[in-house]
1. Against the definition (at pLDDT below 90, open to solvent by less than 70 Å² (accessible area, probe 1.4 Å) and assigned to a strand (DSSP E or B)), how does Leu342 come out, yes or no?
2. I'd like to check something: does the stretch 62-70 contain any residue that is assigned to a strand (DSSP E or B), at pLDDT 75 or above and surrounded by 14 or more Cβ atoms within 10 Å (Cβ to Cβ)?
3. From the list Arg113, Arg152, which one is open to solvent by 90 Å² or more (accessible area, probe 1.4 Å), in a helix (DSSP H, G or I) and touching a residue at least 12 places away in the same chain (Cβ under 8 Å)?
4. Could you tell me which of the residues Ala255, Ala272 is at pLDDT 85 or above, among the aliphatic types (A, V, I, L, M) and surrounded by fewer than 21 Cβ atoms within 10 Å (Cβ to Cβ)?
5. Based on what the data block shows, is Leu186 closer than 20 Å to Pro106 by Cβ and touching a strand residue (DSSP E or B) at 6+ places or on another chain (Cβ under 6 Å)?
6. Examine the stretch 222-241 for a residue that is over 20 Å from Arg94 (Cα atoms), without any contact (Cβ under 8 Å) to a residue 24 or more places away in the chain and either open to solvent by 30 Å² or more (accessible area, probe 1.4 Å) or of a type outside the set (Phe, Trp, Tyr) (or both), and state whether such a residue exists.
7. Test Asp336 against the criterion of being at pLDDT 90 or above and open to solvent by 30 Å² or more (accessible area, probe 1.4 Å), and give yes or no.
8. Tally up the residues in the stretch 86-110 that are open to solvent by less than 90 Å² (accessible area, probe 1.4 Å) and part of a strand (DSSP E or B), please.
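The values are calculated or read from the model by the stated rules, or taken from the named source; none is laboratory data. Bear in mind the structure is a predicted one, so any value in this text is a computation, not a measurement. Reconstructed Cβ throughout: ideal geometry from the backbone, glycine too, with neighbour counts over all protein chains shown. These accessible areas exclude ligands, DNA and RNA; they are computed on the full protein's heavy atoms, side chains included. Shrake-Rupley method; radii C 1.70, N 1.55, O 1.52, S 1.80 Å.
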Amino acid sequence: MNDSSMPETSLPAARPRRRLIGPATACAALMSTLRSALRPALVPALVPALILALAPAAPAAAAGADAGPTAQVRVAALQRGSLSREATALGSVRVGSAQAVGLGFPRPVEVLRLLVRPGSVVHRGQALLAVRGVAGGDVAYVQARDAVHYARLDLQRLQRLAAHQLATQGEVDAARKTLADAQSQLAAAEAQQLGRGEISQRAPRDAVVTAVLATPGSMLAAGSPALMLAPLGRAELVVGVPPDVAQALRPGQSAIVRATFDGQRKAQARVASIGGMVDAQTHLVDVVLDGPALASGWMPGTAIEARLALDAWSGWVVPRQAVLRDASGQAYVFQDDHGRALRVAVTLAIDTPERSGITGALHPDLPLVVRGNYELADGMALKVDP
């Protein structure tokens with residue numbers, strides 16, 4: 001075989017190479033096209049727009065990447081002040097134990113009728129209950145009454161005899177002394193309400209009935225109270241606190257009292273006394289507060305909640321939400337350092353529901369971030385709300 005017997009093949013024609021041009025060449029080519037298509041007077045006006053359109057945008061993107069994130073926050077000036085540590089205690093309104101009085105009788109009686117019940121508000125002179133003396137209880141009264149009668153007759157007889165010199169002056173004086181003794185015995189019997197039959201006991205003053213200790217038909221011993229009365233006026237508010245809180249309290253310290261089931265009813269009170277022992281049932285110490293008047297709606301039995309002011313503290317006082325803690329438990333705040341977040345480690349000295357007292361290397365002339373601080377990092381750019 002020779003090469004002349006091989007079929008001939010044709011190679012594909014090579015494509016022309018494209019020439020790459022830069023922005024300046026492209027601008028010149030475009031200007032040439034515009035001159036041929038537009039009026040010559042319009043070409044100079046389009047040159048600046050073409051230059052801006054062909055300019056690279058990389059520098060602007062790089063500038064935006066360098067700016068970093070910005071947080072929108074609210075700031076406030078650092079302020080010094082005072083805070084008091086508070087304790088919350090639960091209790092109830094009670095009548096003043098020092099002012100409560102028992103209503104009884106100086107001799108044995110039988111209760112006939114009760115005209116009031118616990119919680120009743122009574123007024124001076126109002127009938128409370130009816131009683132009568134027990135069988136044989138009026139004998140002493142009758143004897144005292146008869147003794148006065150006969151002593152008076154004997155004194156009159158001796159005075160007539162003495163007028164005729166038939167009795168001595170000593171005998172007259174002795175009769176007069178006997179009459180005085182008999183009158184004293186009768187006065188004592190009347191003070192015991194002997195000889196009066198049915199007795200209606202009345203309220204000595206305006207008061208509230210705190211307890212009824214007798215029932216109709218029951219017998220009361222001499223001196224035993226049938227009712228307990230407390231004068232209308234100031235009430236005692238008794239709350240229970242743990243022993244450590246009781247040790248921090250002092251008489252005269254202030255408190256804010258709120259009705260448990262009526263948050264709008266509040267009143268100022270002061271610590272009147274602190275108990276000296278732990279209650280065996282509640283394991284708390286009773287604290288007595290001087291409270292508002294019963295007539296203003298603080299009736300005995302009202303459930304209350306008291307906020308007791310304990311020791312006072314002075315220093316940097318900030319909103320409670322301004323203080324944050326990291327994973328290790330370290331407390332810190334942020335300050336606005338000329339548009340940048342500045343993290344400052346602090347120590348929480350005292351904490352209340354609304355404000356906190358802190359110490360640390362704070363900058364007094366830099367504002368404190370009080371809102372939006374949860375998303376901040378040290379050095380982050382800040383945008384402050386007006």
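1. Taking the combined requirement at face value, the residue does not satisfy it.
2. Within the stretch 62-70 (the criterion being assigned to a strand (DSSP E or B), at pLDDT 75 or above and surrounded by 14 or more Cβ atoms within 10 Å (Cβ to Cβ)), the answer is no, since none of the residues qualifies.
3. Unique residue meeting the criteria: Arg152.
4. So the residue among Ala255, Ala272 that is at pLDDT 85 or above, among the aliphatic types (A, V, I, L, M) and surrounded by fewer than 21 Cβ atoms within 10 Å (Cβ to Cβ) is Ala272.
5. no
6. No, the conditions are met nowhere in the stretch 222-241.
7. It is false that Asp336 is at pLDDT 90 or above and open to solvent by 30 Å² or more (accessible area, probe 1.4 Å).
8. 12
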